[in-house]
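Data first, discussion second: the structure below is written as structure tokens.
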Amino acid sequence: MNSPKNFDSTYSKAWDLLLPHAEFAYNKAPSKVTSMSPFKVIYRIDPLSPLDLIPCPSDQKHVKCVEEIQKLHEQVKGRIEQYTVMHQAQANKYKKKTIC
């Protein structure tokens with residue numbers, strides 16, 4: 001799919017038909033910071049795609065969803081904090097110290 005800056009006049013009249021596809025792609029793509037998709041951060045699973053609709057064996061056990069989501073949120077929080085520290089160190093790498 002073309003990025004918005006490369007969006008040509010072919011789709012200019014049907015852009016609203018492409019929005020659901022763009023939203024799905026955005027919500028399914030993992031973030032650089034969290035390494036998880038926005039959808040997974042909220043619901044603990046990636047959104048279903050056509051391949052996910054293939055029947056699975058019924059012997060799968062369910063787990064405690066609330067605990068998994070809390071654990072997932074803690075992992076995301078930790079990754080965001082690590083990325084922030086790393087980004088801050090990189091941004092301040094060449095910063096000159098000022099004397100007051």
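Readers should treat all values here as calculations from the given coordinates under stated rules, not as data from a laboratory. Everything quoted here is computed from the prediction, not taken from an experiment. Ideal geometry is used to build each Cβ from the backbone, glycine not excepted, and the neighbour counts take in all protein chains shown.
Per-structure values
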read-out	value
Which listed pairs, of K28/K93; K40/K77; K40/K71; K32/K95, have C-alpha distances above 22 Å, in listed order	K28/K93; K32/K95
Label-point separation, K32 to K77 (7 Å along Cα→Cβ), nm	2.5 nm
Summed side-chain charge close to Y26 - residues other than Y26 whose Cβ falls under 13 Å, Lys, Arg +1, Asp, Glu -1	0
Inter-label distance for W15 and Q88, nm, one decimal - labels placed 7 Å from Cα along Cα-to-Cβ	3.8 nm
Stretchable slack from A25 to D46, in nm (0.36 nm times residue separation minus alpha-carbon distance)	6.4 nm
